[in-house]
Amino acid sequence: MTARTITALLDASVYAPSVCEHAVWAASRLGLPVDLVHVLVRKAVHSADYSGSIALGARTALLSELARLDEERARVAHEHGRAILDDAEALVRERGAAAVSSRLRHGEVVEAVTGIEAGAELLVVGKRGEAADFETLHLGSNLERLARSVSRPLLVAARSFRPVEKVLVAFDGGPSAVKAVEYIARSPLFSGLHIHLLMAGEPTTAQKGSLSAAEDKLKSAGFDVLTGIVPGDPEPVISSNVEHNGIGLLVMGAYGHSRLRNLIIGSTTTQMLRSCKVPVLLFR
């Protein structure tokens, strides 16, 4: 299926307006419509087992009441989701989007998104969801699962939107980083932007060759490219570069190692999402 929308995933978090504005930015540069999506997740109802302590008639009445309450919760959730989408659609139109659609989906977030991503050029999501713990920089509970599951580029919106002029590509020579460079080279999303191509650590000869090839590809596509290799661990090197060079968008590969390896030594992707105050565009 031909990719035809910028799909924005919305909940009731404070990131929702920023998700909308990032979606409008991408849509305007790509000439694509915005598709607003809210997923209605069915929450399990936990209730005590009263079967041994009340009479049959009372149990039947209780089950009927629980079913009624469940229906009422579903109705309220549907109305709440529709209100979220209506507010988002008004904001997106106000920001200048030419074409906007909105829809509710049912089910688990990751499964719902993977079912619709084929129609998206890229997906936009907030860094933290409505239940996130801002004090501990806790990421949205579905964000890592989305980043590991979707095949489309995933734009993780910052708390607020700022126009993008400079882009930092955190390049490690891996397949996802190469994919990111190829996307930048051909996509109008990056037209006219300044590209910083950064490799952190002590690269191998093969990695240096891959970095040089990436630089050549971007320059051949007409970009002004500033390329550098900086010793040190990726997280502090990348964070410092973002902060001191006025970077407006970080581009990087998502979760290049196994879950077990990430559990043992940590994940650069997660560290960057937590520490960077700019939007992050992830590629798998």
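Using equal-weight Cα scatterers in the Debye expression, the normalised intensity of segment 95-229 in log10 at q = 0.12 Å⁻¹ is -0.63. Can you classify segment 152-284 as rounded, prolate or oblate using the Cα gyration tensor, where a ≥ b ≥ c are the square roots of its eigenvalues, rounded means a/c under 1.5, and otherwise it's prolate if a/b beats b/c and oblate if not? Judged from the Cα gyration tensor, segment 152-284 comes out rounded (a/c under 1.5).
Give the lysines whose C-alpha is closer than 24 Å to that of K127, dropping any in the same chain fewer than 8 places away, or say none. Those lysines meeting the cut-off are K43, K166, K179, K277. Summary of packing: across the peptides 271-283, 58-70, 224-236, the per-residue average of other C-beta atoms within 10 Å ranks them, highest first, as 271-283, 224-236, 58-70. Surface listing: S160, S18 arranged by accessible area from highest to lowest gives S160, S18, probe 1.4 Å.
The values are calculated or read from the model by the stated rules, or taken from the named source; none is laboratory data. What you see is a predicted model; the values in this text were computed from it and never measured. Neighbour counts are summed over all protein chains in view; Cβ atoms, including those assigned to glycine, are modelled from backbone coordinates with ideal geometry. In case anyone asks, the SASA skips ligands and DNA or RNA and just uses the protein heavy atoms, side chains included. Shrake-Rupley method; radii C 1.70, N 1.55, O 1.52, S 1.80 Å.
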